[in-house]
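Below is one structure; the comments refer to it alone.
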Amino acid sequence: MNDQTHCNLCADVMWRAELRADINLELIAVAFGYKNWNTFVASEDAGPLTVPIIRTFPGPEADRFYLRFLGFSVDWEHRFEPSLPLYRQISRDGIVLHLSEHHGDATPGSAVRLRVADVATLQQQLLTSSIYPLRIGLESQEWGDELAIPDPFGNTLIFHTPRE
């Protein structure tokens, strides 16, 4: 049985039986092969705790910036029809973002903080890119090192590595 079948089965059981929330969570964990909810949420399969939605605009610029420059990969895409706005999930090194062309999903000009293992290495990788010749500087703060990168849509991605 694949993951989608497990999820569908869990949803069906929860809907029909109107089980308590704690039992629902336990069923979801078991469907994914875990002993209980606590072991599931502590696993890598649980996914990120937060997934920011970033507003983008139609056209190739989102691909150029997020995929080619920053090195994210597309996990999935959704459109209701070919002429309607695109909504998709991208990821890189455990960071997951949703990019949306829908005007009501997010506001251009937003900022998100994204934790990375080594922000200095990321900075060096990006400085060598010819895709976006940005002169992005590493800022040393009391709480850690930060790299603020503006996207073409007015948003700011702040990659950071906290101090130990």
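When Ser91, Ser110, Ser100 are checked against the criterion of being free of Cβ contacts under 8 Å to residues at least 40 places away in the same chain, of a type in the set (Gly, Ala, Ser) and either assigned by TED's automatic domain parsing to the domain that holds Thr156 or closer than 15 Å to Leu147 by Cα (or both), a single residue qualifies: Ser91. Restricting attention to segment 125-164, the residues being more than 18 Å from the chain's Cα centre (by Cα) and outside any loop (DSSP other than H, G, I, E, B) number 11.
Conditions tested, residue by residue: (1) exposed (fewer than 14 other Cβ atoms within 10 Å of the Cβ); (2) over 19 Å from Val51 (Cα atoms).
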{"site": "Tyr66", "(1), (2)": "no, no"}
{"site": "Phe72", "(1), (2)": "no, no"}
{"site": "Ser83", "(1), (2)": "yes, yes"}
{"site": "His98", "(1), (2)": "no, no"}
{"site": "Gly109", "(1), (2)": "yes, no"}
{"site": "Gly137", "(1), (2)": "yes, yes"}
{"site": "Trp143", "(1), (2)": "yes, yes"}
{"site": "Asn155", "(1), (2)": "no, no"}
{"site": "Ile158", "(1), (2)": "no, no"}
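Picking from Arg68, Arg20, Arg16, which residue would you name as being at pLDDT 95 or above and not polar (S, T, N, Q)?
The match here is Arg68.
Answer with yes or no whether Ala120 is in a helix (DSSP H, G or I), of a type in the set (Gly, Ala, Ser) and under 15 Å from the mean Cα position of the chain (by Cα). The answer is no for Ala120.
The values are calculated or read from the model by the stated rules, or taken from the named source; none is laboratory data. All figures in this text were calculated on a predicted structure; none of them were measured in a lab. For neighbour counting, all protein chains shown are included, and Cβ atoms are generated from backbone atoms with ideal geometry for every residue, glycine included.
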